[in-house]
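Below is one structure, written out as structure tokens, with a few remarks after it.
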Amino acid sequence: MYCIFISVDLKPGARERYLEVIAENARASVRDEPGCHTFDVLADRERDNRIYLYEVYDSPEALQAHKETPHYLRDRPEINELIEKQEVLRADVLTSCPAREE
């Protein structure tokens, strides 16, 4: 599997709107895209304007397919306006530990 971990620094005052838009995008990605397994949105505890995205896909091609979906294309222009800076780490998933069954 293929993973991207994105560090997002938001513009001042953009946090609430960004979280609204990215949360719906994350839900749609996992719900509607067979190649998207995980799309987590995380908040930095020390920097209020920093958000992290953790996304796991079948492959780089599945990530590319994600970037062609209606929800991505609809949300991307607004999301871009809310971001000050972002950095992307790309990785291969070597081990995945699913939630514990109880």
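Worth a mention:
- Shape index of the stretch 2-92: Rg/Rh, with Rg the Cα radius of gyration and Rh the Kirkwood radius from the inverse mean 1/r over Cα pairs, equals 0.95.
- Rounded to the nearest 20 debye, dipole of the stretch 2-92 from Cβ charges on Lys, Arg, Asp, Glu: 180 debye
- Couplings 3J(HN,Hα) for the stretch 62-70, derived from phi with the Karplus relation 6.51 cos²θ - 1.76 cosθ + 1.60 (θ = phi - 60°), are 5, 5, 4, 4, 4, 6, 10, 7, x Hz, where x marks Gly and Pro.
- FRET efficiency, GLU78 to THR38 (Cβ-Cβ, R0 25 Å, nearest 0.05): 0.60
Each value in this text was obtained by applying a stated rule to the coordinates, not by laboratory testing. Everything numeric in this text was worked out from a predicted model, so none of it was measured. Neighbour counts run over all protein chains shown; Cβ positions are idealised from the backbone, glycine included.
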